[in-house]
1. What is the average number of partner chain Cβ atoms found within 10 Å of a Cβ in B:161-171?
2. What average count of beta carbons from other chains do you get within 10 Å of the Cβ of residues in B:132-141?
3. What is the order of A:137, B:193, fewest Cβ neighbours within 10 Å to most?
4. Using only atoms on other chains, find how many Cβ atoms lie within 10 Å of each Cβ of peptide A:111-118 and report the average.
5. Residue B:122 label points, 7 Å along Cα→Cβ, one per copy: pairwise distances from this copy to the rest in nm, shortest first?
6. Name all residues of the range B:143-179 having a backbone nitrogen under 15 Å from the label point set 7 Å from the Cα of residue A:58 along its Cα→Cβ direction, giving them as ranges.
7. What are the label-to-label distances in nm, one decimal and shortest first, from residue B:255 to the same spot in the other copies, with labels 7 Å along Cα to Cβ?
8. By counting other Cβ atoms within 10 Å of each Cβ, how are B:206, A:89, A:144, B:122 ranked from fewest to most?
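Only the coordinates and a few stated rules stand behind these numbers; no lab work does. Because the structure is a prediction, the values reported are computed rather than measured. Ideal geometry is used to build each Cβ from the backbone, glycine not excepted, and the neighbour counts take in all protein chains shown.
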């Protein structure tokens, strides 16, 4: 299958899949409009905060310069009437201005916008997010797409969408987890872990990924690996409540497994892999 | 008088003057310690705010990059299942993170410090500021120091302290104004105005300086110049309440002056300058 044909098929498939989620493409276009408004508002917020910080930075630099000068020889510095006046001024009128500037809540209108937008703009729901994840997984299965390639936004070596971050892969895995689809959770959490190790500005945490990965691995029947992952998680977060509980549980499961093996060995039966999926849902 | 001798004399004079204000140099050294704490706290506040802004900037750049990509061809973009998932994710989980980050009040502990410092650190009072201004004016008079030179921090061409900003000169003028010393107010407000015209990051406003300058000039007996300055102020701030009232008052004063002149002319008396200081306090 040529990559361009694959792309067309993929899009057609998805178009059908997305039709279940959104009554029309127009709905999704509205989401892009929402995003456009949110970005503009965020940038305005950043701009006014930046202005405030620039003023404070200038003040700090002035204070610091003068203070360094004074520290060289405190006695001489303070004997000078101009310096004495300026120091007194810095700690009265000037400092009150700095205090006011620090406590002045700039950008509050943009924060209010954020709340108001929820009522006036179209936002996708958590169900929409889950639906989009399901559609993507269905597509991955249908075309037997390799997880790493999908994450790179590649199809047969051709870039057809943005590369996903570790956080994107994590969220995809989290959505399939919510649906009880542990097979895809393991695939995407592994991908998240792999991407995370290369990220400078990390978009998720190793602990979060390990938690989902360990439990889904257990649900897929691999108790031993699940225990190793849980131990790794506990090294990062020693008081992780669920991990502490799971560790105890996994260890008991492995003991049971070992006993079953031993029993079978005693009565001369063959050493078969134990189906631990009986403990899963 | 050599500049070094002048400097010694100046310092001795000031040392006596400052002795009235602060029981010991140690008191002023404490002020420097206060300043040191304030600067460190301000820098901490700036640092955490900067961290927050950097995170938001990174988010905005990511959103913008992806949004620009989508805008190129909305239909094709949204037909792609990875893009559809990522857009839905951006507007659900990601956007909630941005919202939380925007509304998260970072640096509040440093703002609280600012309030607490008032109780635990030594701060100069407004009276100390006034005293430091009086001491400086006394020195200027005693040594007949030129205002512009003092403002440059120069004595006989030698730099002996920091250069003053327009805001520093304004505050000095404001302090002498509060003492009813309009002579020095005019000197220092003029200096403030002169420095203001060269400042990139203005440390006071032309309107503020003009208000004090006009009124002090009137108090010094020059009603005509006071009116010109008030008109200049009203060009900047047309609804300036006090300026509107003063303008009417100055115009009436000038009318009275003109009538007095005319009367003297009528009875053949010589045309002498009218002493308008009779209207001042």
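1. 4
2. Mean number of neighbouring Cβ atoms from other chains: 3.
3. Lowest count first: B:193, A:137.
4. Rounded to a whole number, the mean comes out at 2.
5. 6.7
6. Once the point is set 7 Å along Cα→Cβ of residue A:58, B:165-168 turn out to lie under 15 Å by backbone N, inside the range B:143-179.
7. 10.6
8. Ascending number of Cβ neighbours within 10 Å: A:144, B:122, B:206, A:89.
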